[in-house]
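The values are calculated or read from the model by the stated rules, or taken from the named source; none is laboratory data. In this text the structure is predicted, and so the values were computed from the model without any measurement. Neighbour counts are summed over all protein chains in view; Cβ atoms, including those assigned to glycine, are modelled from backbone coordinates with ideal geometry. In case anyone asks, the SASA skips ligands and DNA or RNA and just uses the protein heavy atoms, side chains included. Shrake-Rupley method; radii C 1.70, N 1.55, O 1.52, S 1.80 Å.
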Amino acid sequence: ENLDRERVAVYLQEKWNKAGIKVNLKKQRVYIYANNNLVYTMIVSAGMDESTPKGDYKIGARGDHFYNDREKMGGDYWVGFIGSEYLFHSVPTRFNFGDYIVPEAQKLGVPASHGCVRLSVPDSKWFYSYIPDGTSVHIE
């Protein structure tokens with residue numbers, strides 16, 4: 001599994017100017033494209049009640065951890081697609097980095113967030129490490 005992620009990362013770096021991300025809210029999937037070829041699929045949890053904004057965006061800000069005191073949860077390996085308000089990030093954590101909330105992690109594949117796109121821990125770390133700033137994001 002890790003070897004496949006590394007191969008995809010190398011491929012994306014070689015073709016980074018033609019990389020793109022598509023989020024399918026109905027299927028709760030993220031598709032990573034390079035040179036117009038699908039190279040990686042992730043099972044995700046996007047926003048409940050259509051709270052993930054549809055449209056076209058660019059990857060920008062990123063960080064290793066955040067915590068939202070209002071929601072009493074955070075995430076690791078976050079990458080913003082609308083500033084640092086809407087993010088791709090790991091399944092939810094408690095206050096500390098790596099303190100994952102297992103019942104929330106078990107929701108991957110169904111809408112569960114307040115608008116962000118939740119990824120598995122390995123996928124979020126990969127996304128954070130290898131998806132360059134400026135990559136196009138299409139959400140439908």
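Whenever a residue of segment 93-113 is touching a residue at least 60 places away in the same chain (Cβ under 8 Å), its partners that are part of a loop (DSSP other than H, G, I, E, B), lying with C-beta atoms within less than 6 angstrom and at least six residues away or across chains, give the pairs Gly109/Gln28; Pro111/Ala46. One residue stands out in segment 36-45 among those that are open to solvent by less than 50 Å² (accessible area, probe 1.4 Å) and touching a Lys or Arg at 6+ places or on another chain (Cβ under 7 Å): the one that is farthest from His89 (Cα to Cα), namely Met42.
A Cβ distance below 7 Å, combined with a sequence gap of six or more or placement on separate chains, defines the contacts here; from segment 34-61, residues that are closer than 26 Å to Ala105 by Cα reach residues that are of a type in the set (D, E, K, R) and surrounded by 14 or more Cβ atoms within 10 Å (Cβ to Cβ) in the pairs Thr41/Arg29; Met42/Arg29; Met42/Asp123; Ile43/Arg29; Val44/Arg29; Val44/Arg118; Ser45/Lys107; Ser45/Arg118.
Within segment 113-130, not a single residue is open to solvent by 30 Å² or more (accessible area, probe 1.4 Å) and within 15 Å of Lys22 (Cα to Cα). Within segment 1-31, the set of residues being at pLDDT below 95 and in contact with a strand residue (DSSP E or B) (Cβ under 7 Å, 6 or more places away or on another chain) comprises Val8, Tyr11, Leu12, Lys15, Lys18, Ala19, Gly20.
The residues of segment 46-73 include none that are assigned to a helix (DSSP H, G or I), touching a Leu at 6+ places or on another chain (Cβ under 8 Å) and within 22 Å of Arg94 (Cβ to Cβ).
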